[in-house]
Amino acid sequence: MSITFIAKEEFFTFHDPMQDGKLIDRKTEIRMDPLTGETSRIIFDPGASFTSIDYSELATQTAGSKCPFCIENVHTVTPKFPNDLTEDGRIIQGEAVVFPNLFPYSKHNAVVRMCDQHYVKLDEFTTPMIANSFSAAHNYLNKVIAQDPETAYASINWNYLPPSGGSILHPHIHVLASEMPTNYQLITLASSEQFYTETGRNYYDTLIESEQDIGERFIATVGSIDWVHAFAPKSHIDFIGVLGASSLGELTDTNWQDLAESLTGFFNYFESIGIASFNLALFIPVSKNSSDRVHVRIVPRLTMGALQTSDMNVFNLLHGEPLSLKVPEEITKEIAVYFSK
């Protein structure tokens, strides 16, 4: 069985002053997410370049004693967990330090300060640094589940640099766990369960098989992770990684090694096209479920043109309709080069 990918083309007719008033038809393509049915729009790309910002000067101004995550402060000014979660109040794993979020988004919300270096550019992230940070996050989640068996949903999240919503330059990730799902977790779980009921198959397995057969959006397999570009992207670029694990208990350090190696490839690509910031979310089923799978999505956050225009607008935030200037199949060809070396 394969998945059906549904798209509808719409055309807007007008006289184009850039082509001496020639009457043209400009296409918008509306794509349906094959899992949830939600739609995204592939819109005309005017060729505006992405604006990459160097935060070196700001990093100098905010580092050291001014940063709660720098070595001078991280072991003294950050909050501590109760002793029944961890005796030392924080989880320390190499340079990674795990502590509570002062302003939590969820019932359980840890911050993983990834490394000692205050400002890490994309090409400076190493596989060991990333893998260790996600392993530390995994360690925290295991402690949470052992203490709070009511926890049903978990995720590891990364806002990198200010355009992504990151409020501190020092690299860090957020770990969330709760009895309550986010909208994304609720919709994808319900949709994958419906798919399993109707077909007897796991949606994520079927997605990877379908994309491999089609060959237009399948990027690469990196160890335990299969990577595709989303058919109906949530941004101008939207990479989806499907892990071989079905639940938290099946994750191992090998998964984090594979994720870290993958991310360094994506970061190299982002740098080549002028992107410096991104959002990443790794969705982890707490209990094993035949219809679900651990998966990750990474989308760039960016500004465009001389005005440094935001990539988010009324369509994204109020219509709930992502826009993409880039065609997924074309991005797939570009990024695949970085995984064939």
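The values are calculated or read from the model by the stated rules, or taken from the named source; none is laboratory data. It should be emphasised that the depicted structure is a prediction, and the values quoted were computed from it without experimental measurement. No Cβ is skipped: glycine too gets one built from the backbone with ideal geometry, and neighbour counts run over all protein chains shown. SASA here: full protein model, heavy atoms, side chains in, ligands and nucleic acids out. Shrake-Rupley method; radii C 1.70, N 1.55, O 1.52, S 1.80 Å.
One table, with the values for the structure above:
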| item | result |
| --- | --- |
| Value in Å of the Kirkwood radius, where the range 3-76 supplies the Cα pairs that are averaged | 17.6 |
| Average Cα contact separation per residue, the chain, under 8 Å, 6 or more apart, as relative contact order % | 20 |
| Accessible area of the chain belonging to carbon and sulfur atoms, whole % at 1.4 Å probe | 52 |
| Computed magnitude of the charge dipole of the chain (debye, nearest 20; Cβ of K, R +1, Cβ of D, E -1) | 500 |
| Per residue, in Å², the accessible surface of the chain once ligands and nucleic acids are set aside, probe 1.4 Å | 46 |
| Gained length - Thr264 relative to Asp205, 0.36 nm times residue gap less alpha-carbon distance | 18.8 nm |
| Ile187 accessible area, 1.4 Å probe, all protein chains in place, Å² to nearest 10 | 60 |
| Cα principal axis extents for the range 90-153, largest first, Å | 40, 23, 20 |
| Lysines whose Cα lies under 22 Å from that of Lys326, excluding same-chain neighbours fewer than 8 positions away | Lys8, Lys27, Lys234 |
| Convex hull volume per residue for the range 121-256, taking Cα atoms only, in Å³ | 149 |
| Ordering of 294-301, 53-60, 240-247 by burial proxy (mean other Cβ atoms within 10 Å per residue, highest first) | 294-301, 240-247, 53-60 |
| Values of log10 I(q)/I(0), in the order q = 0.11 Å⁻¹, for the chain under a Debye, Cα-only, solvent-free model | -0.76 |
| Spatial separation of Cα centroids for the range 314-330 and the range 174-212, in angstrom | 21 |
| Cα-based Kirkwood hydrodynamic radius, the range 259-341, one decimal, Å | 15.2 |
| Contact order normalised by residue count of the range 238-336, Cα under 8 Å, 6+ apart, percent | 32 |
| Prolate/oblate/rounded call for the range 182-256, Cα gyration tensor, a/c under 1.5 rounded | rounded |
| Only Lys, Arg (+1) and Asp, Glu (-1) charged, at Cβ; the range 190-335 dipole about Cα centre in debye | 380 |
| Rough spin-label spacing in nm, given labels placed 7 Å along Cα→Cβ, for Ser340 and Asn73 | 4.6 |
| Tilt relative to the chain, helix 183-199 - C-alpha long axis, 0 to 90 degrees, to 10 | 70 |
| Anisotropy class of the range 1-152 from Cα gyration tensor, a/c 1.5 cut | oblate |
| D_trans [Stokes-Einstein, Kirkwood Rh over alpha-carbon pairs] for the range 167-324, 10 °C, 1.306 mPa s, µm² s⁻¹ | 93 |
| Calculated FRET efficiency for the pair Thr127/Glu87, C-beta based, R₀ 30 Å, to 0.05 | 0.50 |
| Across the chain: Cys residues that no other cysteine approaches within a C-beta distance under 4.7 Å | Cys115 |
| Selection from Pro82, Gly165, Val97, by position along the positive dipole direction of the chain (Cβ) | Pro82 |
| The range 1-147, relative contact order in percent, only Cα pairs under 8 angstrom and at least six apart counted | 14 |
